[in-house]
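To keep things clear, I will list the structure first and then write my remarks on it.
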Amino acid sequence: MSRLILVSNRVALPDPEGPRQTGGLAVAVNAALRHREGIWFGWSGRVTQSETSPQPGIVQRRNRTFITLDLTAVDYDEYYSGFANRVLWPILHYRVDLAEFSAGDLSGYLRVNARFAEALSRFIAPDDVIWVHDYHLLPLAKALRALGHDNPIGFFLHIPCPPSDIIEALPHHGETVGALDHYDLVGLQTRQDADNLGRYFTQVAGLRQRGQNAFEGEGRRVLVRALPVGIATRVIGKAARAAIRSPLVEGVRQSLAGRRLILGVDRLDYSKGITHRVQAFGQFLDAYPHWRGKVILLQVTPKSRVEVPEYAEMGRAVSSLVGQINGRHGEADWTPIRYVNRSYARTTLAGLYRLADVGLVTPLRDGMNLVAKEFVAAQDPEDPGVLVLSRFAGAAEALDSALLVNPHEPEAVAEAIAQALEMPLGERIVRHAPMQAHILANDIEHWVDAFLAALREARQRPNVLSTVRQLFELGA
């Protein structure tokens, strides 16, 4: 029986003291390996001061093998902090203006991908299936193919894929985004993302389209599919029902003193539109003064990438804006915005989602945004809260019963907040029901099965160019 090898930038090693808080990618990997023998390979999260790459660390847990590499300080600066997060991240989120390219960072990015391929290579058996995740590892399949591996290799991009003209703004894009044609399957979050990559392949990379979603060139064939990621819907619903009675969530409920709760949960990042959201909430208080003193915005924003100056500046800007709005609107017994820079366990967040009257999910651009789906999953279907969702989140493609907004229009977001707070129970139930049905039918297990089925399909279809070449060689 073939194994499943999952490759990601970071590996969440098992904690001998018990389960830890995990992100969306870790949840997806765990779902993929739940009933399969497999390997999870990637960076350990450690940075070594050695100038040479250490040997892989190996941890075995039942049917899973965790294989990790440390990064050198130079690798971390060039591959991770440099090219991945200061070039690829902004450009793939449509923010070419924020990209800071250097040839050294690109060299480091390609070097680490080659090192990952070399380290992984000796663990790969001929019948293994390989599934690579996210923008850190765009050229990994090309590096593996160069080492002679003909295994099925799929890739999933968890963040957006912009139009081809934006991708072309990425220096040496052929070595990174262009290298995706070495995969058998590329999965993306939305149909628009898939269309954008398809047009890049045909208009820029010179591949020929075969059918609706197959592309061929130079003896290679790649399928491009929209395969939106799901969540552990039932698990989150169960956690929300339990966590609503937890001391922390109960403490938040009591502190509201009967006021309505609006909740935002986002990592500190310019793609999340946090400053736009806070400004919109301030305009809501200006435009709807009868809600003053009756509603609170709780914005949970763990800080990330604190070593990057732009993120530190962003944190200061958000804190300053929150202070201005609280100073302008607050009273001695009421603070309009609670701004919290810490992480909470997913179970705790599920309880806060269930407590909230409104989920405010307004990124400027997002691949999917699982917070939107988790908010829906956590609701009481007989008395659900209202989701206010950015049109530019991938989740909007399926969760179209939410109040969809343009986060760049603060007046429209303010109006949607008012509509959500005043929405009658009957309409809230009607809006929530189809979204809940969708995330139940398209949960994380469904996503894993759909991706692996598409990868099998990609391998089963004949590669026309290879077949023609083989016939020509036989004839010669």
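Restricting the search to the stretch 52-74, which residues are among the small types (Gly, Ala, Ser) and either assigned to a strand (DSSP E or B) or in contact (Cβ under 8 Å) with a residue 40 or more places away in the chain (or both)?
Result: 53, 57.
Return the total of residues in the stretch 254-264 being among the hydroxyl-bearing types (Ser, Thr, Tyr) and in contact (Cβ under 8 Å) with a residue 60 or more places away in the chain. Break it down into steps so the answer makes sense when it comes.
Start the filter on the stretch 254-264 by keeping residues that are among the hydroxyl-bearing types (Ser, Thr, Tyr), which leaves 255.
Filter once more, so that each one left must be in contact (Cβ under 8 Å) with a residue 60 or more places away in the chain: none.
Matching residues across the stretch 254-264 total 0.
Which members of the stretch 311-348 meet the condition of being surrounded by 13 or more Cβ atoms within 10 Å (Cβ to Cβ) and farther than 22 Å from residue 280 by Cβ?
312, 343, 344, 345, 346, 347, 348
Within the stretch 75-96, does at least one residue satisfy the condition of being farther than 22 Å from residue 24 by Cα, free of Cβ contacts under 8 Å to residues at least 24 places away in the same chain and either charged (D, E, K, R) or not in a strand (DSSP E or B) (or both)?
No, that holds for no residue.
Out of everything in the stretch 276-294 that is of a type outside the set (Phe, Trp, Tyr) and over 30 Å from the mean Cα position of the chain (by Cα), what residue ends up being surrounded by the fewest Cβ atoms within 10 Å (Cβ to Cβ)? Reasoning before the result, please.
The first filter runs over the stretch 276-294 and keeps only residues of a type outside the set (Phe, Trp, Tyr), leaving 276-280, 282-283, 285-287, 289-290, 292-294.
Next, only the ones that are over 30 Å from the mean Cα position of the chain (by Cα) stay: 285-287, 289-290, 292-294.
Details: 285: 21, 286: 14, 287: 14, 289: 10, 290: 7, 292: 15, 293: 15, 294: 12.
Looking at residues that are of a type outside the set (Phe, Trp, Tyr) and over 30 Å from the mean Cα position of the chain (by Cα), I get 290.
Of everything in the stretch 201-215, what is at pLDDT 95 or above, closer than 20 Å to residue 455 by Cβ and within 27 Å of the chain's Cα centre (by Cα)? Give them in sequence order.
Passing the criteria: 201, 214, 215.
From the list 22, 52, which residue is of a type in the set (Val, Ile, Thr) and either more than 30 Å from residue 196 (Cβ to Cβ) or modelled with pLDDT of 90 or more (or both)?
On the way: 22 fails: either more than 30 Å from residue 196 (Cβ to Cβ) or modelled with pLDDT of 90 or more (or both).
52 is the lone residue from the list that is of a type in the set (Val, Ile, Thr) and either more than 30 Å from residue 196 (Cβ to Cβ) or modelled with pLDDT of 90 or more (or both).
For every residue, the table says whether it meets (1) free of Cβ contacts under 8 Å to residues at least 40 places away in the same chain; (2) crowded, with 17+ Cβ neighbours inside 10 Å; (3) among the hydrophobic types (A, V, I, L, M, F, W, C).
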residue: 225; (1), (2), (3): no, yes, no
residue: 232; (1), (2), (3): no, yes, yes
residue: 240; (1), (2), (3): no, yes, yes
residue: 247; (1), (2), (3): yes, no, no
residue: 252; (1), (2), (3): no, yes, yes
residue: 266; (1), (2), (3): no, yes, no
residue: 274; (1), (2), (3): no, yes, yes
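Tell me which residues, restricted to the stretch 405-444, are acidic (Asp, Glu) and either outside any helix (DSSP H, G or I) or assigned by TED's automatic domain parsing to the domain that holds residue 129 (or both).
Within the stretch 405-444, the first condition is being acidic (Asp, Glu), and the residues that meet it are 409, 411, 415, 422, 427, 443.
409, 443, listed by residue number.
The values are calculated or read from the model by the stated rules, or taken from the named source; none is laboratory data. Everything numeric here is computed off the predicted structure, so don't read it as measured data. As a convention, Cβ positions derive from the backbone with ideal geometry for all residues, glycine included, and neighbour counts pool all protein chains shown.
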